[in-house]
Amino acid sequence: MDFLTLAWWWNLVGLPSLIGIAMAIALWRRRSGSKIDEIALAIRRLGLVHVILALRAGVALIQELLTLRVMGIPQSFPGTGIIWPFVTLIVTLALGRGLWRRSTSARRWAIGWQTIQAAIVVPVCYFLWRYQAPLELADWPDHLVSKGYPFLIIGLLLDPRIARGFKSDSEPEPSSSRPMLARAALGLLIVAGSTLAVDVGDWLARLVEE
């Protein structure tokens, strides 16, 4: 069984199962009476999401540079294959660090950055719809991360409860107030981590085959 088949089964069966198990554990911890600041947890998970997005950009950048070194020409257009992944790597790493520390300025910059991403996604989605580009069901994690995450992250960061969590002098909200925020961020984190693992695995598999 090759890696593409394994990735197909993972995206359609393994990843949804993992998300279900993680949500069940989160629900059990809440019902067990664990004292958790759900808002702070959601913010830090969003920070980790940005770190994973940075790592994905780094993997894409390394692959492009290796192709350039071997073939003498870039694999794709330099602007989209080298410059943009490099910018994404630097920006999302900085945003991830700031969100982990619950920096108010990091929240503002993250909203701005994701707005730029969303502005790029809209014409891309229109192009796919206009020309009826085929979409594989097994590729749903990549489509969600690349096309849905900007809107989902903006929505979470604009939530008033999340906004209050960035204030250092704010009182932690009860864990029973908005557990869905932390769970939503957990779902985003799991899917993003899965796409990173699949990208790295696919890269390593192709290196072995070569």
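The values are calculated or read from the model by the stated rules, or taken from the named source; none is laboratory data. Bear in mind that the values here come from a model prediction, so they are computed numbers and not experimental data. We place every Cβ from the backbone using ideal geometry, glycine too, and count neighbours over all the protein chains shown. These area figures cover heavy atoms from the full protein model, side chains too; ligands, DNA and RNA do not enter into them. Shrake-Rupley method; radii C 1.70, N 1.55, O 1.52, S 1.80 Å.
Before moving on, here are some points about what is shown:
- Residue in the stretch 60-73 that is modelled with pLDDT under 90 and either over 22 Å from Val200 (Cβ atoms) or assigned to a loop (DSSP other than H, G, I, E, B) (or both) present: yes
- Test for Arg45: is it modelled with pLDDT under 95 and surrounded by 14 or more Cβ atoms within 10 Å (Cβ to Cβ): no
- The set of residues in the stretch 131-147 being in contact with a helix residue (DSSP H, G or I) (Cβ under 9 Å, 6 or more places away or on another chain), of a type outside the set (A, V, I, L, M, F, W, C) and more than 15 Å from His50 (Cβ to Cβ) consists of Glu136, Asp139, Pro141, Asp142, Lys147.
- Test result for Ala184, more than 19 Å from the chain's Cα centre (by Cα), surrounded by 13 or more Cβ atoms within 10 Å (Cβ to Cβ) and modelled with pLDDT of 80 or more: no
- Candidate set from the stretch 167-181 (those that are modelled with pLDDT under 90 and open to solvent by less than 70 Å² (accessible area, probe 1.4 Å)); member that is nearest to Gly193 (Cα to Cα): Pro179
Yes or no, residue by residue, for (1) open to solvent by 40 Å² or more (accessible area, probe 1.4 Å); (2) outside any loop (DSSP other than H, G, I, E, B); (3) of a type in the set (Lys, Arg):
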residue: Val87; (1), (2), (3): yes, yes, no
residue: Gly96; (1), (2), (3): no, yes, no
residue: Arg102; (1), (2), (3): yes, no, yes
residue: Ala106; (1), (2), (3): no, yes, no
residue: Ile111; (1), (2), (3): no, yes, no
residue: His143; (1), (2), (3): yes, yes, no
residue: Ser146; (1), (2), (3): yes, yes, no
residue: Leu157; (1), (2), (3): no, yes, no
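- Within the stretch 1-35, no residue satisfies the criterion of being outside any helix (DSSP H, G or I) and buried (at least 16 other Cβ atoms within 10 Å of the Cβ).
- Every condition in (1) on the phi > 0 side of the Ramachandran plot; (2) at pLDDT 80 or above is met by Trp84 except one, and the failing one is (1).
- Unique match (being at pLDDT 95 or above and either assigned to a helix (DSSP H, G or I) or under 24 Å from Asp142 (Cβ atoms) (or both)) among Gly201, Gly193: Gly193
- Residues (within 27 Å of Leu46 (Cα to Cα) and of a type in the set (A, V, I, L, M)) located in the stretch 188-210: Leu188, Leu189, Ile190, Val191, Ala192, Leu196, Ala197, Val198, Val200
- Counted residues, the stretch 117-141 - those being in a loop (DSSP other than H, G, I, E, B) and open to solvent by less than 70 Å² (accessible area, probe 1.4 Å): 1
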